[in-house]
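Okay, structure first, notes after.
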Amino acid sequence: MDISIVIVNYNVKDYLYQCLKSIENSKKGLQVEVIVVDNYSSDGSIEFLEPLFQDVEFIRLNDNLGFAKANNIGINKSRGKYVLILNPDTIIEENTLWEMYNYMNHHPEVAIAGCKVLNQDGSFQLACRRGFPTPWTSFTKLFGLQSLFPKSKFFARYNQTFRNIDETYYIDSIVGAFMFARKEVLLSVGGFDTDYFMYGEDIDLCYRVHKAGWKVAYVHSTSIIHFKGQSTKRSSINEVKHFYEAMGIYVKKHYSYSRLFLLLLKLSIIFRSLFAYINKNKRDIILIVLDTIFINFSLLLSTKIRFGEFFSFPDYAYPTIFIVVTIVYLSSMVAVGEYFEAEPSIRKTFYASMIAFFVLSSLTYFFKEYAFSRGVLLMTIAITLLLSSISQIIALLLRKAYGKERDRRIAIVGTNKQAEDIIDALRKAGAINTEVVGIIRVERIKEQTLFGLPILGSYSFLKSLIEEYNLQEIIITDSSIKESDLIRLISELKSAKVNFHKASEYTELLLSRVIKQVSGSSNVNIPNISKFRYKIAKRAIDILISILFFGIAFIPVLIFSKNRLKIMRNFARVLFGELSLVGLFPTDEKNQICKNGLLGLAHLTGTEKLQKDAIIRLNNYYIEHFSLSLDLDIIFKSIFRKTYGSKIYS
């Protein structure tokens with residue numbers, strides 16, 4: 001066997017279908033086996049793909065073991081001289097396998113090689129040839145020096161931007177999306193380190209290969225397209241958190257001898273993680289800042305209108321009144337899901353304003369010394385609602401004009417039945433924020449219109465057509481355009497910032513994905529337990545009940561309970577955030593989006609009676625159907641169970 005291709009799949013059956021098709025076109029007489037390790041997908045990947053690709057070996061896992069463990073399973077199953085670690089969200093060229101096979105045969109000093117990796121819009125993925133993190137590269141990355149001086153060997157050692165992407169050379173590290181490796185070397189260094197879940201394992205593997213005396217190479221003569229990060233987009237995994245956790249593992253493992261470097265990299269990880277979090281949530285952070293300004297401005301303006309002065313309340317009221325009003329208003333916005341969830345809405349802002357008004361009105365009954373004027377309170381809420389609504393309308397108009405809600409202009413390349421089916425399906429789907437501009441022909445036809453759309457021109461003049469019609473999405477349905485032509489085209493048009501979609505074989509699966517991509521709709525149904533407001537509510541309940549336990553039940557438990565130490569220890573873990581009162585039953589599954597709990601669905605059923613699969617299903621059911629009422633139901637049922645004490649796990 002020449003090459004074994006190992007692909008780890010998680011909920012990306014449409015991309016995997018496309019990837020497997022491109023592999024079929026790339027074999028060219030080589031002896032190739034394909035092993036797909038499915039990481040407990042919930043989208044029916046194996047059921048859909050196994051009948052279509054009967055030569056592929058599919059391995060079903062009962063847990064999501066992560067990238068490293070799943071790949072090691074595939075590597076151990078493989079029979080090839082070389083193993084290609086390949087992401088499912090990739091398309092390879094027809095010559096990719098031959099190019100890499102020949103390169104490795106002619107360079108026996110190389111253990112792992114990678115190729116040129118392009119994004120969907122044709123831009124080059126820097127991660128496909130990197131330097132190792134060192135004290136200096138960490139410093140230049142942390143302080144942005146490598147971005148300021150991308151052509152400098154001194155400052156750009158990590159991203160290697162000073163090197164020509166159209167040359168082949170040795171490199172420190174390549175990306176895990178495409179790693180063409182000698183199987184015996186992979187086995188000799190122990191494969192991927194399973195301490196990593198989904199990031200960092202590729203750099204770690206390359207580091208260990210270098211230490212074993214081998215070379216790692218970047219090969220420019222063939223390319224792949226990588227639709228980056230599709231598995232994380234279709235899950236509730238926090239990719240920012242796991243990326244920086246992986247960097248922490250790498251630093252501890254390989255640089256623990258250097259305390260100064262360890263400290264520098266830890267500071268770098270904390271800083272970059274914080275920056276990434278702020279950048280990811282910048283819209284919501286800006287909203288919170290604006291709403292804070294609006295509520296305080298409205299309070300001052302209302303006071304001025306009612307009493308003739310901005311600061312007419314007694315001295316003791318400041319700054320307490322500003323702090324309390326702000327906290328109550330922002331808390332109300334969080335409670336209705338205005339922050340860190342879906343797009344902001346005036347309806348939610350209205351509900352939050354009503355909640356804030358009633359809460360603040362109620363507080364004045366308990367704190368008479370602050371009951372200055374309900375008229376001021378009503379005006380404050382009304383003005384804030386008005387200002388917040390105006391800001392949201394302005395933001396919406398800006399997004400429609402310049403942002404992601406702007407209409408995406410689409411062209412279809414092809415005049416075949418697949419093109420007609422996709423155009424018809426786009427119309428029926430009523431995809432928002434999209435405009436199908438017309439059709440680009442590959443072969444000459446007489447018609448000026450087809451399928452109710454104008455013929456924009458010939459595929460030979462695609463670049464000028466993109467500029468003329470301001471196209472942002474190109475859907476290719478013509479099967480005569482090969483993967484190598486597509487990749488070359490994407491590379492040539494990278495400056496145009498156009499997304500390409502290959503759908504030369506019409507399937508409902510591919511069409512569904514294309515519609516989601518071009519319309520910008522989300523592929524993820526975020527469970528309640530991942531939402532900011534529910535996290536806060538759940539944590540508040542944990543803290544409250546833990547305090548009540550230590551304040552009221554501590555002495556009786558200490559005197560009468562046989563399991564006093566276990567119970568006190570577990571409630572202490574709840575208080576300090578290590579556990580939750582209600583949560584999951586502990587399994588060996590990593591990176592759960594919810595904490596383990598003292599109580600839960602599996603605890604109620606009796607875990608001694610359940611198989612591991614049943615416990616995982618109950619855990620998943622809890623994650624998918626979480627609500628505060630479900631938590632209360634579990635708590636009350638647990639209280640009234642005679643065996644309550646034995647259900648709190650240790």
Output for Cβ contacts, cut-off 8 Å, separation at least six or different chains, first residue outside the structural domain of residue 40 (by TED's automatic domain parsing) in the stretch 614-625, second loosely packed, with under 13 Cβ neighbours inside 10 Å, reads 616/62
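Being out of contact with any strand residue (DSSP E or B) (no Cβ under 8 Å at 6 or more places or on another chain) and either closer than 17 Å to residue 225 by Cα or modelled with pLDDT under 90 (or both), is that true of even one residue in the stretch 51-61?
Among the residues of the stretch 51-61, not one is out of contact with any strand residue (DSSP E or B) (no Cβ under 8 Å at 6 or more places or on another chain) and either closer than 17 Å to residue 225 by Cα or modelled with pLDDT under 90 (or both), which makes the answer no.
Would you point out which residue out of 83, 8, 34 is under 20 Å from the mean Cα position of the chain (by Cα), assigned to a strand (DSSP E or B) and not charged (D, E, K, R)? Break it down into steps so the answer makes sense when it comes.
On the way: 83 fails: under 20 Å from the mean Cα position of the chain (by Cα); 34 fails: under 20 Å from the mean Cα position of the chain (by Cα).
Only one candidate qualifies: 8.
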Here the residues within the stretch 351-376 that are in contact with a Phe, Trp or Tyr (Cβ under 9 Å, 6 or more places away or on another chain), more than 16 Å from residue 333 (Cβ to Cβ), among the hydrophobic types (A, V, I, L, M, F, W, C) and without any contact (Cβ under 8 Å) to a residue 40 or more places away in the chain are 363, 371
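For the stretch 63-122, give me each residue that is of a type in the set (Asp, Glu) and closer than 18 Å to residue 486 by Cα. Talk me through it step by step, then tell me what you get.
First, pick out the residues of the stretch 63-122 that are of a type in the set (Asp, Glu): 63, 89, 93-94, 99, 109, 121.
The answer is 89, 93, 94, 99, 121.
Quickly run through the stretch 17-31 and pick out the residues that are hydrophobic (A, V, I, L, M, F, W, C) and not in a loop (DSSP other than H, G, I, E, B).
Step one: of the stretch 17-31, the residues hydrophobic (A, V, I, L, M, F, W, C) are 19-20, 23, 30.
Correct list: 19, 20, 23.
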Going by what's in this entry, would residue 36 be described as in the same structural domain as residue 86 (by TED's automatic domain parsing), buried (at least 23 other Cβ atoms within 10 Å of the Cβ) and β-branched (Val, Ile, Thr)? yes
Going by the structure shown, is residue 303 farther than 20 Å from residue 287 by Cα, in contact (Cβ under 8 Å) with a residue 60 or more places away in the chain and polar (S, T, N, Q)? yes
Does residue 203 satisfy the criteria of being within 21 Å of the chain's Cα centre (by Cα), at pLDDT 85 or above and farther than 22 Å from residue 484 by Cβ? yes
Kindly check whether there is at least one residue in the stretch 139-154 that is at pLDDT 90 or above, of a type in the set (Lys, Arg) and either assigned to a helix (DSSP H, G or I) or under 17 Å from residue 224 (Cβ atoms) (or both). no
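Let's see how each residue does on (1) modelled with pLDDT of 85 or more; (2) out of contact with any Leu (no Cβ under 9 Å at 6 or more places or on another chain); (3) loosely packed, with under 12 Cβ neighbours inside 10 Å:
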position	(1), (2), (3)
616	no, yes, no
619	yes, no, no
624	no, yes, no
631	yes, no, no
635	yes, no, no
641	no, no, no
650	no, yes, yes
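Here's the yes/no breakdown for (1) under 19 Å from residue 276 (Cβ atoms); (2) buried (at least 22 other Cβ atoms within 10 Å of the Cβ); (3) touching a Lys or Arg at 6+ places or on another chain (Cβ under 8 Å); (4) touching a residue at least 24 places away in the same chain (Cβ under 8 Å):
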site	(1), (2), (3), (4)
132	no, no, no, yes
150	no, no, no, no
156	no, yes, no, no
169	no, no, yes, yes
181	no, yes, no, yes
193	no, no, yes, yes
208	no, no, no, no
211	no, no, no, no
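Quick grid of which residues meet (1) more than 17 Å from residue 387 (Cα to Cα); (2) surrounded by 17 or more Cβ atoms within 10 Å (Cβ to Cβ):
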site: 304; (1), (2): yes, no
site: 309; (1), (2): yes, no
site: 313; (1), (2): yes, yes
site: 316; (1), (2): yes, no
site: 320; (1), (2): yes, no
site: 326; (1), (2): no, yes
site: 330; (1), (2): no, yes
site: 336; (1), (2): yes, yes
site: 347; (1), (2): no, no
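Given the criterion in the same structural domain as residue 598 (by TED's automatic domain parsing) and at pLDDT 90 or above, identify the matching residue among 544, 565, 471, 465.
Details: 565 fails: at pLDDT 90 or above; 471 fails: in the same structural domain as residue 598 (by TED's automatic domain parsing); 465 fails: in the same structural domain as residue 598 (by TED's automatic domain parsing).
Just one listed residue meets the conditions, 544.
With respect to residue 51, is the statement that it is part of a loop (DSSP other than H, G, I, E, B), assigned by TED's automatic domain parsing to the domain that holds residue 181 and surrounded by 23 or more Cβ atoms within 10 Å (Cβ to Cβ) true?
Values: part of a loop (DSSP other than H, G, I, E, B): yes; assigned by TED's automatic domain parsing to the domain that holds residue 181: yes; surrounded by 23 or more Cβ atoms within 10 Å (Cβ to Cβ): no.
No; evaluated as a whole, the condition is false for this residue.
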Select from the stretch 1-32 the residues that are of a type in the set (Asp, Glu) and surrounded by 18 or more Cβ atoms within 10 Å (Cβ to Cβ) and list them in ascending order. 14
Pick from the stretch 479-490, criterion crowded, with 17+ Cβ neighbours inside 10 Å and more than 12 Å from residue 462 (Cβ to Cβ), ranking: modelled with the highest pLDDT: 487
Residue check for residue 435: modelled with pLDDT of 85 or more, outside the structural domain of residue 294 (by TED's automatic domain parsing) and either part of a helix (DSSP H, G or I) or under 20 Å from residue 300 (Cα atoms) (or both): no
If residue 342 satisfies all but one of (1) farther than 22 Å from residue 279 by Cα; (2) at pLDDT below 95; (3) surrounded by fewer than 15 Cβ atoms within 10 Å (Cβ to Cβ); (4) within 31 Å of the chain's Cα centre (by Cα), what's the number of the condition it fails? (1)
Residue 124 versus (1) within 27 Å of the chain's Cα centre (by Cα); (2) outside the structural domain of residue 222 (by TED's automatic domain parsing): which is the lone unmet condition? (2)
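Does the stretch 307-330 contain any residue that is hydrophobic (A, V, I, L, M, F, W, C) and under 31 Å from the mean Cα position of the chain (by Cα)? Break it down into steps so the answer makes sense when it comes.
Kept after step one, since they are hydrophobic (A, V, I, L, M, F, W, C), are these residues of the stretch 307-330: 307, 310-311, 313, 317, 321-325, 327-328, 330.
Those still in the list that are under 31 Å from the mean Cα position of the chain (by Cα) too: 327, 330.
There is at least one residue in the stretch 307-330 that is hydrophobic (A, V, I, L, M, F, W, C) and under 31 Å from the mean Cα position of the chain (by Cα).
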Output the residues belonging to the stretch 162-179 that are over 26 Å from the mean Cα position of the chain (by Cα) and either β-branched (Val, Ile, Thr) or in a loop (DSSP other than H, G, I, E, B) (or both). 162, 163, 164, 165, 166, 167, 168, 171, 172
Could you grab me the full set of residues in the stretch 188-209 that are closer than 26 Å to residue 222 by Cα and not acidic (Asp, Glu)? 191, 192, 198, 199, 200, 203, 205, 206, 207, 208, 209
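The values are calculated or read from the model by the stated rules, or taken from the named source; none is laboratory data. On a predicted model such as this, the values are computed, not experimentally measured, just so you know. All Cβ positions, even for glycine, are placed from backbone atoms using ideal geometry, and neighbour counts span all protein chains on display.
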